[in-house]
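Input: a single structure, listed below in structure tokens.
The values are calculated or read from the model by the stated rules, or taken from the named source; none is laboratory data. Just so you know, these numbers come straight off a predicted model, no measurement behind them. For neighbour counting, all protein chains shown are included, and Cβ atoms are generated from backbone atoms with ideal geometry for every residue, glycine included. Please note that ligands, DNA and RNA were not included when accessible areas were found on the heavy atoms of the full protein model with its side chains. Shrake-Rupley method; radii C 1.70, N 1.55, O 1.52, S 1.80 Å.
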Protein chains: 2
Amino acid sequence: MSSVLRKVILPDSELPQHWYNIVADLHHPPEAMYHPATGQPATPEQMGVIFPNEILRQEMSSERWIEIPDEVQDILKLWRPSPLYRAIVLEKALDTPAKIFYKWEGVSPAGSHKPNTAIPQAYYNKKEGTKRIATETGAGQWGSSLSLAGAMFGIEVKVYMVKVSYEQKPYRRMLMESWGGKVVASPSADTQAGRDALAKDPANQGSLGLAISEAVEDAAQRDDTKYALGSVLNHVCLHQTLIGLETKKQLEAFDETADIVVACHGGGSNFAGLAFPFVADNLTQGKKVRCLAVEPASCPSLTRGSYAFDYGDTAGLTPIMKMYTLGHDFMPPGIHAGGLRYHGASPLVSQLLKEGFIEARAVNQVPSFEAAVQFARTEGFLPAPESSHAIRAAIDEALECKKTGQKKTIVFNLSGHGHFDLSSYEKFFRGELQDYALSEAELKTSLAGLPNL
Amino acid sequence: MSSVLRKVILPDSELPQHWYNIVADLHHPPEAMYHPATGQPATPEQMGVIFPNEILRQEMSSERWIEIPDEVQDILKLWRPSPLYRAIVLEKALDTPAKIFYKWEGVSPAGSHKPNTAIPQAYYNKKEGTKRIATETGAGQWGSSLSLAGAMFGIEVKVYMVKVSYEQKPYRRMLMESWGGKVVASPSADTQAGRDALAKDPANQGSLGLAISEAVEDAAQRDDTKYALGSVLNHVCLHQTLIGLETKKQLEAFDETADIVVACHGGGSNFAGLAFPFVADNLTQGKKVRCLAVEPASCPSLTRGSYAFDYGDTAGLTPIMKMYTLGHDFMPPGIHAGGLRYHGASPLVSQLLKEGFIEARAVNQVPSFEAAVQFARTEGFLPAPESSHAIRAAIDEALECKKTGQKKTIVFNLSGHGHFDLSSYEKFFRGELQDYALSEAELKTSLAGLPNL
């Protein structure tokens, strides 16, 4: 009988009953958010135009544990608790003394970690009478997840999809439509923000920041419609903490503890989801778990951005938040890890980085695809290009262990599959992908647009 | 705390240690296979040209339980044991007193049940020194799975992909290439069978039978190359029985027993995998579990074919087997459930049908897509078009229970996801899919080509 333990899956009964809110354990309170028009602290009433009350309550909460409603748990059980794997074949290929584990979030119906927050967001909207939700999507992971959640709760979903993805990933659009989502390329003619962008540049390929502007405008203008965001904000990070909470239990079953925790970083919730329950030990018990946020070198908000107040979107419709940012005018190049093309970062992740509780690293896309292919040919699963940034960093840490002989335990978030990203893989194999380094001059220009408070 | 049990996943330690061989429990011995050229019973030496010895031994075996090598178990544990779900949301939408369960095989890296046999086939080939394997693929599920298995064991894989799929499903090709598979559209210029077909009709869109001819010819002509088949044969059905063996244990954990077991039918291994461990109870204990093989109405070998000796491929290169067949010249219309486009059927499934231990039903593709969309919008996962045939029949059985008030327990095989089939979903939504009924005249013509023994 084979005695190798490749994975640990917890039973339905061990799905966590609460989300973990890191705000409770921060050493300093988070900065307030400010209203984009007045520059004054944003009030719940103002935010209530686009968000349901319970989401707002969670966004502002400093309770450590927030209960997960039964109706949400029932749906999360479709794919949660998700598996934690020991990457034994990859370890052997790398000839490293390190142990590598990966949390596999691609088992959700939408193929990534995003439904972890789409489901509760749709649930609270449903409970408060919302008929329709507007949102944006970059690579399509979030739009798919919210379309799925809309189908589960009978809510109409309108998705503004960044044009470069809309064109490169028709299958992602069709997936959203299969669940009943209505999808339009952004910039679109459906909003003022979209029409303005098109008037300025009819060939505008879109950005996550611009698509957010369109969705927020849509929600603000219709009484039956709210807005939902797939990353960045506190409540989104909160909902994703199931990833790390489960991982800690699963590592116990493997009889291991993590030395290094790795996740990719776009808006921050992917990283927050895996890392925050580990960062908690750094904050409250003085542990030294290295938590590493990995971003694309082409969109390096954490490693090269300013820690400053900025809008969450391009048009300046969202609240102003303190975060690492490249400036809300930043238009990232068309790299293929579409979900990581965001100018800003989660305020919570930003604060933790500023205060030294986590680390950040930028990696290029070609080495990330190399890591993804090495992973696929050893561990089998085909990673999303976003997740591949985490794989790159995890492999690099394991190779470092090979040099030093250290037997570290490395855990990374394999946050989604690459089934809708195969044209990017094909470009990689053909040698058509290029790395892109943001110049100092470009960075200076985009940072010049930061708002004054 | 939510008390709903949506799924049961067995731990790695409960992966079955043996495959179940139904030949041991048949009431009559299976018919022999005959050599295509001589018409005499095929000898192991003849078959050894294209198959490794251990595969041949399993093909001919009548042992009830065959041990799964540790090295195979280690890789199967990447996704096995796979989850068994209770379809509570679908049940509610149907308002049926029936309980519906589905076995979810889409969690494998290739997205279907096919790696269950690709992994052991590659393993035995590796052990016996094979450097290269040639195979065919219809929808691409099998070619993906063997490419994956090739990557795991360092074996080169050449895939002859039915041309209509090659053109409609570029992502499937790219997936195979990501694992290192070499893919060519069939009919191709690489074999005599392909060149002959192209000479006859340069616009030939291919068929599974023709692609098999190409792959068998390739393997027969090269010393370093063997052939691997993804369905039909006894050893393939054998490897798939893990599906049903796990399902029986999981139903116990749900405190249920199956009344109706449903799977789609193309070559037969999908159905065999889930159903044979249940059919075993019919054969040996006189139980009456209804086991239902669901095939497309456009390619109805079980429901309208002849139970006769026929070749497994179009060119007449494979052994002659007793099975339900539409005739090896049958060229199925370009329906989108590409994996079900096969003229024949597993000899074991055929014999069980002939002897009355299982049932067969044909369904059309439009109602199958309707079932798939209803499933996706209730249970979340997007089904492969092949699996959708099983969903259609399972829903129809549940609706029958609604009429009669019977509380039956229905279990079906959700054998794969539809991530690479979204263009078919789009055609369905646009109303561009049509049903196709094979005429009596067409059937008569294709049956006229049956070989004389």
* To do: Return the average number of partner chain Cβ atoms within 10 angstrom of each residue Cβ along peptide A:10-17.
  => 3
* Extreme residue, positive dipole direction of the range B:171-281, given options B:242, B:266, B:171 (C-beta unit charges) -> B:171
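Evaluate peptide B:416-422: per residue, the Cβ atoms of other protein chains within 10 Å of its Cβ; return the mean as an integer. Before the final figure, lay out each step's value.
Details: counts 0, 4, 3, 7, 4, 2, 10.
What the average comes to for B:416-422 is 4.
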* Pairing the Cα long axis of helix B:242-253 with the longest principal axis of chain B, what angle in degrees results, from 0 to 90 and rounded to the nearest 10? -> 10
* Asked: What figure in square angstrom, to the nearest 10, would you give for the accessible area of residue B:18 with a 1.4 Å probe?
  -> 70
* What FRET efficiency comes out for the pair residue B:203/residue B:127, r = Cβ-Cβ distance, R0 = 30 Å, nearest 0.05? -> 0.10
* To do: Mind grabbing the accessible area of residue B:404 for me, 1.4 Å probe, Å², rounded to tens?
  => 70
* Structure fact -> Once all protein chains are kept in place, residue B:166 shows an accessible area at probe 1.4 Å, nearest 10 Å², of 70
* To do: Please return the longest stretch of chain A lacking exposed loop sites, where trypsin sites (Lys or Arg not before Pro) count only if DSSP places them in a loop and at most 12 other Cβ atoms lie within 10 Å.
  => A:1-287
* To do: Could you work out the relative contact order of chain B, using alpha carbon pairs under 8 angstrom and six or more residues apart, expressed as a whole percent?
  => 19
* **Position residue A:435, label points 7 Å along Cα→Cβ, spacing to each other copy in nm (shortest first, one decimal)** => 5.8
* To do: Only bridges with both residues in the protein assembly as shown count here: give the DSSP antiparallel percent, nearest 5.
  => 35
* Using a basic spin-label model with each label point 7 Å from the Cα along Cα→Cβ, how many nm lie between residue B:196 and residue A:430? -> 3.6
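Rounded to the nearest 5, what % of DSSP beta bridges with both residues in chain B are antiparallel?
Antiparallel bridges: around 35 percent, rounded to the nearest 5.
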* Once Rh is set to the Kirkwood radius over Cα pairs, what Stokes-Einstein translational diffusion coefficient, in µm²/s, holds for the range B:206-276 at a temperature of 37 °C and a viscosity of 0.692 mPa s? -> 232
* What spacing in nm lies between the two simple spin-label points modelled at residue A:3 and residue B:221, each 7 Å away from Cα in the Cβ direction? -> 4.9
* Asked: Taking the label point as lying 7 angstrom from Cα along the Cα-to-Cβ axis, what are the distances from residue A:93 to the corresponding position in the remaining copies, in ascending order and in nanometres?
  -> 3.8
* Structure fact -> With no solvent term and unit scatterers on the alpha-carbon positions of the range B:1-152, Debye gives log₁₀ I(q)/I(0) at q = 0.14, 0.16, 0.17 Å⁻¹ of -0.90, -1.07, -1.15
* Considering the Cα trace of the range B:94-179, what is its radius of gyration and what is Dmax, both in angstroms? -> 15.5, 56
* Structure fact -> The set of residues whose placed amide H lies less than 5 Å from the amide H of residue A:409, leaving out same-chain residues fewer than 5 positions away, is A:99, A:259, A:260
* To do: Could you give the C-alpha radius of gyration of the range A:7-78 expressed as a fraction of 2.2 N^0.38 Å, taking N as the number of residues it contains?
  => 1.46
* Debye log10 I(q)/I(0) for the range B:318-387, one point scatterer per Cα, at q = 0.11, 0.13, 0.16, 0.19 Å⁻¹ -> -0.38, -0.52, -0.74, -0.92
* Given a 1.4 Å probe and no ligands, DNA or RNA in the count, how much accessible surface is buried by B and A, both sides, to the nearest 100 Å²? -> 4500
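Per residue and in Å³, how big is the convex hull formed by the alpha-carbon atoms of chain A? Spell out each step's value before the answer.
Working: hull volume 62.5 nm³, N = 453.
Cα-based convex hull of chain A, divided per residue, equals 138 Å³.
Sorted from largest to smallest, which semi-axis lengths in Å does the alpha carbon gyration tensor of the range A:83-237 give for its equivalent ellipsoid, taking the root of 5 times each eigenvalue?
Details: eigenvalues 200, 81, 34 Å².
Ellipsoid semi-axes (Å, largest first): 32, 20, 13.
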* Roughly what would the spin-label model give for residue B:285 and residue A:288, points 7 Å off Cα along C-beta, in nm? -> 5.9
* **222 nm mean residue ellipticity, helices alone, for the protein assembly as shown (DSSP H n ≥ 4; -39,500 (n - 2.57); rounded to 500)** => -12000 deg cm²/dmol
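From the protein chains alone at 1.4 Å, what is the descending order of accessible area for B:440, B:295, largest first? Numbers along the way, then the final one.
On the way: B:440 125, B:295 0 Å².
Heavy-atom accessible area, descending, gives B:440, B:295.
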* Alpha carbon centroid spacing (whole Å) that separates the range A:388-441 from the range A:60-123 -> 20
* What number, in percent, do you get for the relative contact order of the range A:327-419 if the mean sequence gap of Cα pairs under 8 Å and at least 6 apart is divided by its residue count? -> 24
* In the P(r) worked out for the protein assembly as shown, what percent of Cα pairs fall beyond 37 Å? -> 44
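What average count of beta carbons from other chains do you get within 10 Å of the Cβ of residues in A:426-433? Could the numbers behind the result be given before it?
Details: counts 6, 0, 1, 3, 0, 0, 0, 0.
Counting other chains' Cβ atoms within 10 Å and averaging over A:426-433 gives 1.
Can you tally the lysine pairs in the range B:1-134 where the Cα-Cα distance is under 17 Å and the two residues are eight or more apart, or on different chains? Please report the intermediate quantities before stating the final value.
Values: B:7/B:92; B:7/B:99; B:7/B:103; B:77/B:103; B:77/B:114; B:103/B:114.
For the range B:1-134, the number of qualifying lysine pairs is 6.
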* Structure fact -> Taking 0.36 nm per residue of separation between residue B:252 and residue B:370 and subtracting their Cα-Cα distance, the length gained on full extension comes to 39.4 nm
* Could you pull out the GluC sites (Glu not before Pro) across the range A:33-114 that fall in loop regions by DSSP (anything but H, G, I, E, B) with no more than 16 other Cβ atoms inside 10 Å? => A:63
* Cut-off 13 Å (backbone N to label point 7 Å along Cα→Cβ of residue A:307), residues of the range A:12-36 -> A:27-31
* Asked: Counting only residues 5 or more places away or on other chains, whose amide H sits under 5 Å from the amide H of residue B:157 once H atoms are built in the peptide plane?
  -> B:133, B:182
* To do: Quick one: check the C-alpha center-to-center distance for the range B:150-223 versus the range B:302-323, whole angstrom.
  => 21
* Once you charge only the Cβ atoms, +1 for Lys and Arg and -1 for Asp and Glu, what is the size of the charge dipole of chain A about its Cα centre, to the nearest 20 debye? -> 820
* Asked: What residues have an amide H closer than 5 Å to that of residue B:316, excluding those fewer than 5 places away on the same chain, when H is modeled at 1.01 Å from N in the peptide plane?
  -> none
* To do: Would you please state the base-10 log of I(q)/I(0) at q = 0.09, 0.13, 0.17 1/Å for the range B:147-303, with intensities from the Debye formula using one equal scatterer on every alpha carbon?
  => -0.41, -0.77, -1.08
* Asked: For the range A:34-122, what Kirkwood radius comes out of the mean inverse Cα-Cα distance, in Å?
  -> 16.7
* Inter-copy label distances at residue A:195 (7 Å, Cα→Cβ; nm, one decimal) -> 6.5
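Using alpha carbon coordinates only, what is the Rg to Rh ratio of the range B:343-453, with Rh defined as the Kirkwood radius?
Working: Rg = 17.0 Å, Rh = 16.4 Å.
Ratio of gyration radius to Kirkwood radius for the range B:343-453: 1.03.
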* To do: Go through the range B:342-352 residue by residue and turn each phi into a ³J(HN,Hα) via Karplus (6.51, -1.76, 1.60, θ = phi - 60°); whole Hz please, and just put x for glycine and proline.
  => 9, 6, x, 7, 3, x, 5, 4, 4, 4, 5
* To do: Quick one: go through the range B:189-224 and flag any residue whose amide nitrogen is under 16 Å from the point 7 Å out along the Cα-to-Cβ line of residue B:46.
  => B:217, B:220
